[in-house]
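A quick write-up on the structure given underneath.
The values are calculated or read from the model by the stated rules, or taken from the named source; none is laboratory data. The shown structure was predicted, so the numbers you read here are calculated from the model rather than taken from an experiment. Heads up, the Cβs are rebuilt from the backbone with ideal geometry, glycines too, and the neighbour counts pull from every protein chain shown. Just so you know, the surface numbers come from the protein's heavy atoms only, side chains and all, with ligands and any DNA or RNA stripped out. Shrake-Rupley method; radii C 1.70, N 1.55, O 1.52, S 1.80 Å.
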Amino acid sequence: MNNLSLYGWNDTLFQLKQASQYKHLFHGRVAAVNKTNYEVIAQSGRLLCELAGNVLYGKSAFELPCTGDWVIFQPFDNNKAIIVDILPRKHTLYRRRSSTISDRQAIASHLNKAFIVQSLDANFSVRRTERFMVQVVEENIQPILVLTKSDLEFNRHYVEESLKHLKDQIPIFFTSILSPETILPLQAFIRPGESIVFVGSSGVGKSSLINALCERTVFFTSEISKSSGKGRHTSIRREMVLMKHSGILIDTPGVREFGLASDNSQTLEDIFDVSDFAESCRFENCMHLEEPGCAVLQAVNNGLIEPQVYNSYLKLRKESWHFSSSEHEKRQRDKSFAKISQEAKRIKKR
Ligand SMILES: Nc1nc2c(ncn2[C@@H]2O[C@H](COP(=O)(O)OP(=O)(O)O)[C@@H](O)[C@H]2O)c(=O)[nH]1
Ligand SMILES: [Mg+2]
Ligand SMILES: [Zn+2]
């Protein structure tokens, strides 16, 4: 028997369930997504589930269950069930599906925190931290930067200097799986019932960190190849585990590219501290590019915003605009297509 409140079940979710036509059935949380089925943690245990037709065909790919989703199911056999409904998603981490312009891909949902994991060797990158932060903050998930392998040689001064424009917005932890005292503060930072997703490149130590936090081996870790310095891909799916009764940890395989699936310029202004200056721009709709009286440009010229930070802001803003306008266009297209097919049905009936 599982106590689902350990897995994050709460009153808000209970209320959401009441709105479903299937509210009299059981609920559970998706722990892993396999090629042809879903592993769901329910009160009765771990179930293998498939999707009911109405769920499968009534939705876009990004709306199908992802790890962390709460679902309602109809059991049909020992440990087997059919998912008939998905509770509305909150705090979901999306990314842009690679090699598409505006397709979202859901990574995990119902999240409280996101651990952005980077190793203190060659992997450390402020630009990548900013990119993850935009996507995480957009969904009101708290971002945390975890810098791993602190037992290796690294330049602490350089690391701290390059993060100084972010330090008020993201807690930073230095960890090493070789020193338990660096793991304890992170463990204490995770509150009971909270869900945390781990994101970052392959080989940075996400799975090792989860094992250290859980104080047991829940995930395989990879050996670093001596020639390339890179880890092999060992995690191939997103999977949720329970940390010693106090938090839900979701491992993800490293992605080579993390394209923004964001459509809110305010998030970007806030992360990059542009909003403080933007209030003083002469024009209310200032784009901070070359307008006269732009307080943001002035801050760049005065050295209050570093040029590389400003450039990073522009780059991510462009990407996010591109995504949201393409997504908007696609939605309009889908709408007019739905209209045409309805019209066609009506004509047929006549
Ligand atoms: N020196 C050192 N190596 C680590 C640390 N954490 C992980 N590693 C090693 O880094 C490699 C990749 O770790 P893994 O957890 O599989 O990375 P993942 O791909 O992000 O899940 C493994 O060989 C780990 O032993 C650390 O804190 N210090
Ligand atoms: Mg891994
Ligand atoms: Zn401006």
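Just one residue in the set I41, I101 is touching a His at 6+ places or on another chain (Cβ under 8 Å) and aliphatic (A, V, I, L, M); that residue is I101.
Conditions (1) more than 26 Å from A106 (Cβ to Cβ); (2) over 18 Å from the mean Cα position of the chain (by Cα); (3) without any contact (Cβ under 8 Å) to a residue 24 or more places away in the chain; (4) within 16 Å of ligand 3 (Cβ to nearest atom), marked per residue:
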position	(1), (2), (3), (4)
T148	no, yes, no, no
K164	yes, yes, yes, no
T175	yes, yes, no, no
Q187	yes, yes, no, no
P192	no, yes, no, no
V197	no, no, no, no
S202	no, no, no, no
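Among the conditions (1) at pLDDT 90 or above; (2) polar (S, T, N, Q); (3) open to solvent by 10 Å² or more (accessible area, probe 1.4 Å); (4) touching a Gly at 6+ places or on another chain (Cβ under 8 Å), the only one that T221 does not satisfy is (1). Residue check: P88 meets all listed conditions (1) assigned to a loop (DSSP other than H, G, I, E, B); (2) open to solvent by less than 30 Å² (accessible area, probe 1.4 Å); (3) at pLDDT 95 or above but one, namely (2). Do the conditions hold for D263, that is, is it in a loop (DSSP other than H, G, I, E, B), more than 16 Å from ligand 1 (Cβ to nearest atom) and open to solvent by 70 Å² or more (accessible area, probe 1.4 Å)? Judged against the criteria, D263 is a match.
What number of residues within region 266-308 are under 30 Å from F198 (Cβ atoms) and either surrounded by fewer than 19 Cβ atoms within 10 Å (Cβ to Cβ) or free of Cβ contacts under 8 Å to residues at least 60 places away in the same chain (or both)? Qualifying residue count, region 266-308: 7. Once region 238-251 is narrowed to residues that are at pLDDT below 90 and either closer than 16 Å to N10 by Cα or assigned to a loop (DSSP other than H, G, I, E, B) (or both), the residue that is most open to solvent (accessible area, probe 1.4 Å) is H245. If you check L152, L147, L163 for being of a type outside the set (K, R) and loosely packed, with under 12 Cβ neighbours inside 10 Å, only one passes: L152.
Is it the case that region 116-132 has a residue that's of a type in the set (S, T, N, Q), assigned by TED's automatic domain parsing to the domain that holds K206, more than 23 Å from L64 (Cβ to Cβ) and open to solvent by 40 Å² or more (accessible area, probe 1.4 Å)? Spell out the reasoning first.
Going residue by residue through region 116-132, those that are of a type in the set (S, T, N, Q) are 118-119, 123, 125, 129.
Subset that is assigned by TED's automatic domain parsing to the domain that holds K206: 118-119, 123, 125, 129.
Those left that are additionally more than 23 Å from L64 (Cβ to Cβ): 118-119, 123, 125, 129.
Checking which are open to solvent by 40 Å² or more (accessible area, probe 1.4 Å) leaves us with none.
No, region 116-132 contains no residue that is of a type in the set (S, T, N, Q), assigned by TED's automatic domain parsing to the domain that holds K206, more than 23 Å from L64 (Cβ to Cβ) and open to solvent by 40 Å² or more (accessible area, probe 1.4 Å).
V136: at pLDDT 95 or above and touching a Gly at 6+ places or on another chain (Cβ under 9 Å), yes or no? Judged against the criteria, V136 is not a match.
Listed here are the residues, each with its yes/no results for (1) open to solvent by 60 Å² or more (accessible area, probe 1.4 Å); (2) over 24 Å from the mean Cα position of the chain (by Cα).
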residue: M1; (1), (2): yes, yes
residue: D11; (1), (2): yes, no
residue: Q21; (1), (2): yes, yes
residue: R29; (1), (2): no, no
residue: S44; (1), (2): yes, yes
residue: L56; (1), (2): yes, no
residue: R95; (1), (2): no, no
residue: R104; (1), (2): no, no
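Those helices (runs of 4 or more DSSP H) of region 141-227 in which 1 or more residues are more than 16 Å from ligand 2 (Cβ to nearest atom) and not assigned by TED's automatic domain parsing to the domain that holds L13 occupy 156-162, 180-189. For beta carbons closer than 6 Å, sequence separation of 6+ or different chains, a first residue in region 326-350 that is open to solvent by less than 100 Å² (accessible area, probe 1.4 Å) and a second that is at pLDDT 70 or above, the qualifying pairs are S326/I101; S326/S102; E327/S102; K330/S102.
Look at (1) touching a helix residue (DSSP H, G or I) at 6+ places or on another chain (Cβ under 7 Å); (2) at pLDDT 95 or above; (3) in a strand (DSSP E or B) and you find that Q74 fails only one, number (1).
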